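Input: a single structure, listed below in C-alpha cells.
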Amino acid sequence: MRRLNLILLFLLFQSAAGYCAAPPYELYLKGNLSQAASAYAELAAASPADPRPLMNAAICLKQAGRYYQASSLMTRALERAPENPDIYSELGWLRFHLADYTGARSAFETALQLQPKHSRAELGLASVYANLDDKKRTIEHLDNYRQLRPDFAGVDYILAWNYMNFKMYKEAESSLIEALRKDISFTEARLPLAGIYARQGKFDEAWNQYYRVLDYAPGHPIASKMMKILEGKLSKQPEEIRPPFRITKPLVMEPLDALENLSRSVKIRVGIGATNTGKQGRNNFLRLKSFEGLTVTGKASGKLYATIPPDETWTVHHDGRSVLLKGPDGKLHNSFQGPILVKPAKPGGTVIFDASSRIKNPWFRGADRQYRGYVELSPGSRGIEVVNVIETELYLLGVVPSEVAPQWPYESLKAQAVIARTQVLIRRSRGGIHKKQGYHLCDSQHCQAYKGKSIEANTTTRAVVDTEGEILTYHGRPAYTFYHSNCGGWTQASGEVTGWGDSPYLVTKPDIDPAKAQAPLDPWDYHLWLTGNPDANCNYPGRVRASEFRWMKIIRQKDMTFRVNKDYAVGELLNIIPLRRSPSGNVNSLRVIGRKKTITVTKEHLIRNLLGFSSLKSTLFEIEINRFKDGKVRNYWIYGGGWGHAIGMCQSGAAGLAGKYNLAYKDILDFYFPATKISRIKYVKKSGK
Ligand SMILES: [Zn+2]
Ligand SMILES: [Zn+2]
C-alpha cells in the first residue's frame, strides 16, 4: 500500500513536470547528476516564478562537486524567493566551502534575520567566524546552535574542533567529553581527547581512551601506535586502568522450572568471540570456571577427562596444534588434538571464562563471559575455537538484551525476540554463512549480537517467554528478518543493495506514521531532511540516542587521503561524489576521484569503511567538501543519518512505534515486513523427558 502511494506520488510529480522521460529526481537518484541538473534547469525555464527547480539543480551540481555553478543557481533562486532563509543558508554553505568567508557571512546573516533560530545558519556563521579567527563570535554562535540541537553529539564535536584550533584545550576537553556522553561510539571525538590527555601528561587516561577507540574500530592505526608508545609511561597496570567486568556468584539460584520449557527447544551452535566481520578472535589461552563445577569430556570418545570443582579456575592453552588443559596449579592435565566438551556439572549451570589481559581475543579480555548450555573447544589453526552449544530459546535470552535496550517499550522487545528467533531458523536451514567454521551463527553483529547470560534482563527474558516458538513467515517459510539499529527515517529495500537479494517484504518506506508521511521527493527536500531533525519513528528522544538518528563528522584531507589509499592507490584525493542512491537516500555507489585514479565503490560495507578510520554508521549521508582559496581540499564534512543497513526492521523505530503509538508487536512486524505473518514452531520434546 505504501509502495503504491510512493509510485502515485512519483506519477503526480512526473505529470506536474510535464516530463515523459525519467523525472529529474529519478536521474538524481541514479547518479546522473549533470542530467538531473539540466532537467531541473529546463523546469526552471518553463516556470519562471518557481524557485524550486533552481534549488534542486543547485543541489545536484553541489553533489557533483561543482560548487561555483551551484552557488550561482542558488543566487538566481533568491531572485524568485527573496524571503527564503533556507536558500540563504545553503548559499552561505556553498560560499563557505569555497573559502568566500565574507560572502558566506552575509548570506548566513540574512538567513538569521529572516528566521532567527535557523540552526544551519547558526552553525554556518560560527564556522565563518572560526575561519576569520574570531573566537568570541565563533563560540557565541556555536552556543546558539547547541541550544537548537541539544542532543546532537555533532554540536559538541564541532565546538571541540574549534576550541582545538584556537588552542583552548581545557574547553576542548569538556566538549569532547560531552560529545562522548551523547555518542559513546564517537571515535573521532575520542582520538583528540586522548591527545589532550597525553599532552597534559595524563598517560593512563590517554591510554584508556585509545583502548576504547579499539573497541569500536579494531586495529585503528593511530590508536594502536599510540598505545604502544604510552605503554612504558603508565603509572598502573592496564588491568587497573581498565578493570575487567567480573561475574559474581548469584545469591539465589534462578527458578529452573521457569526456564524448563525453553530448554526443550532445538540446540544450536554459536561461534563465540567474533569480530564484526564474523571471524573468531585469536584465543591463545582461556580461563575456565563454573559456580556449579565442570566436566571435560572428549567429543568423539565421550570419555571423561577431568572434573573441575565449583569455583576453581583451570586454563586451556593452544600450542599450535592441540589444546592443553592445565589445573589451577598450572600443571598439564591433558592434551587434546580434537574437540572437547566443557559442561556444567548441574542442570541450569553455566560455563564462565574469566577475563585476562593476556588473552589475544579482545572478547575475553575486558570482561568475564558466562554461557548457558555447554562449550565446545577445538584446536584451530589460529587458536582455540570456542562454540557455545545451547537451546535456541535460551540463546535468545542473551540475544534480545544484546540487540536492544531492556528498558525499551515492551512490545518492541517482543518484536525483537520474534525476528531474532526467525534469524536462527534461516541460518540453521541454509547451513549458514559459518558452515565452514562449524557453527550456525557467530555472536557479533555480523549475525546477531549475543553476549551470553550476564547481560540477560527480566524484561527481555519475559519477551522471549511470551513469544516462545514464534517466528515470522512468508508463504509458509521463515522470512529473512533483517534488522538494523536505526534507519535514519527511511528503510531500504533489499533489492537496492548490492548482494542482498530481492525479497518482496523487505521494502523501502518512510519510517513514520503513514498519516504523517511526507517523503522527500526532490534533492532539495532530501538535503533539508538529512541535515535537519525530522519527525520519524526512530527519532525518539529519551529512548534512542539522537546521535544514532543524525550524526556528522569532519575529516581532514590528510587523514582521508591516507585512509582511502590504504585500500585503493588513487593518490591525493580531489573529489568524493555520492552517485546512485536508494529512494531512502542511502548511497549505493560512491565515486572517489584521486590524482592518479578514479574508483567507484558499490558495496555497502566498503562504502561505510572507506570514509574515515572508524566506519560510517550508515550509507545515508551527504558529503560537503571544504576547500582553501586555491581550490585544494581542506576537509570533508559528512552529514549522516541512521545506524546500520536500513533493511528490514528499524529497532529504534520499533521502540518508537511501541512507545509513541502503542503498537503491539504484531503490528510493528507488519509495518516493517508487510505481507508476512507470525507462525509458531513446535519444539519436539526430548525423548525420556
Ligand atoms: Zn556471523
Ligand atoms: Zn527508522
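Observations
- Residue in region 488-498 that is away from ligand 2 (no atom under 13 Å from the Cβ), surrounded by fewer than 19 Cβ atoms within 10 Å (Cβ to Cβ) and acidic (D, E) present: no
- Checked against (1) buried (at least 22 other Cβ atoms within 10 Å of the Cβ); (2) modelled with pLDDT of 95 or more, F186 passes all but condition (2).
One line per residue, one yes/no per condition, for (1) among the small types (G, A, S); (2) out of contact with any Leu (no Cβ under 9 Å at 6 or more places or on another chain); (3) within 27 Å of K136 (Cβ to Cβ):
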residue: Y157; (1), (2), (3): no, no, yes
residue: N165; (1), (2), (3): no, yes, yes
residue: Y169; (1), (2), (3): no, yes, yes
residue: A179; (1), (2), (3): yes, no, yes
residue: I196; (1), (2), (3): no, no, yes
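Yes or no, residue by residue, for (1) assigned to a loop (DSSP other than H, G, I, E, B); (2) of a type outside the set (K, R); (3) in contact with an Asp or Glu (Cβ under 9 Å, 6 or more places away or on another chain):
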{"position": "S106", "(1), (2), (3)": "no, yes, no"}
{"position": "S127", "(1), (2), (3)": "no, yes, no"}
{"position": "A130", "(1), (2), (3)": "no, yes, no"}
{"position": "T138", "(1), (2), (3)": "no, yes, no"}
{"position": "H141", "(1), (2), (3)": "no, yes, yes"}
{"position": "Y145", "(1), (2), (3)": "no, yes, yes"}
{"position": "P150", "(1), (2), (3)": "yes, yes, no"}
{"position": "D156", "(1), (2), (3)": "no, yes, yes"}
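- Residues (surrounded by 14 or more Cβ atoms within 10 Å (Cβ to Cβ) and outside any strand (DSSP E or B)) located in region 314-335: S322, G327
- The listed residue being of a type outside the set (F, W, Y), surrounded by fewer than 23 Cβ atoms within 10 Å (Cβ to Cβ) and in contact with a strand residue (DSSP E or B) (Cβ under 7 Å, 6 or more places away or on another chain), out of P379, P362: P379
- Matching residues, region 161-208, being among the small types (G, A, S) and either in contact (Cβ under 8 Å) with a residue 12 or more places away in the chain or assigned to a helix (DSSP H, G or I) (or both): A172, S174, S175, A179, S185, A189, A194, G195, A198, A206
- Region 127-144, residues that are crowded, with 24+ Cβ neighbours inside 10 Å and within 17 Å of S175 (Cβ to Cβ): S127, T138, L142
- Any hit, region 507-525, residues being within 16 Å of ligand 2 (Cβ to nearest atom), of a type in the set (A, V, I, L, M, F, W, C) and closer than 17 Å to S618 by Cβ: no
- Subset of region 412-443 (residues that are within 16 Å of ligand 2 (Cβ to nearest atom) and in contact with a helix residue (DSSP H, G or I) (Cβ under 6 Å, 6 or more places away or on another chain)): S412, A415, Q416
- Between F673, F628, the distinction of being crowded, with 22+ Cβ neighbours inside 10 Å, in contact with a strand residue (DSSP E or B) (Cβ under 9 Å, 6 or more places away or on another chain) and on the phi < 0 side of the Ramachandran plot belongs to F673 only.
- For region 627-647, the criterion of being over 24 Å from V213 (Cα atoms) and among the acidic types (D, E) is satisfied by at least one residue.
- Selection status of R282, farther than 30 Å from T187 by Cβ and in the same structural domain as N388 (by TED's automatic domain parsing): no
- Meets criteria (assigned by TED's automatic domain parsing to the domain that holds S618, within 16 Å of ligand 2 (Cβ to nearest atom), small (G, A, S) and touching a helix residue (DSSP H, G or I) at 6+ places or on another chain (Cβ under 8 Å)) for G501: no
- Some residue of region 398-416 being surrounded by fewer than 24 Cβ atoms within 10 Å (Cβ to Cβ), out of contact with any Pro (no Cβ under 9 Å at 6 or more places or on another chain) and at pLDDT below 95: no
- D522 being closer than 19 Å to I59 by Cα and of a type in the set (D, E): yes
- Restricted to region 511-546, and to residues there that are part of a loop (DSSP other than H, G, I, E, B), small (G, A, S) and modelled with pLDDT under 95, the residue that is surrounded by the most Cβ atoms within 10 Å (Cβ to Cβ) is A519.
- The set of residues in region 268-289 being closer than 24 Å to G330 by Cα and assigned to a strand (DSSP E or B) consists of F285, L286, R287, L288, K289.
- Here E140, E122 are screened, and the one residue that is more than 22 Å from F628 (Cβ to Cβ), over 29 Å from the mean Cα position of the chain (by Cα) and outside the structural domain of F628 (by TED's automatic domain parsing) is E140.
- For region 411-443, the set of residues classified as in a helix (DSSP H, G or I), more than 11 Å from ligand 1 (Cβ to nearest atom) and in contact with a Gly (Cβ under 9 Å, 6 or more places away or on another chain) consists of E411, S412, I419, R421, I426, listed by residue number.
- Top-ranked residue of region 272-296 - restricted to ones that are within 12 Å of ligand 1 (Cβ to nearest atom) and hydrophobic (A, V, I, L, M, F, W, C), ranked as nearest to the chain's Cα centre (by Cα): A274
- Matching residues in region 87-114 - criterion: being closer than 24 Å to P48 by Cα and in contact with a His (Cβ under 8 Å, 6 or more places away or on another chain): S89, E90, A111
The values are calculated or read from the model by the stated rules, or taken from the named source; none is laboratory data. These numbers were taken from a predicted model, which means no experiment stands behind them. Virtual Cβ from ideal backbone geometry, glycine too; neighbours counted across all protein chains shown.
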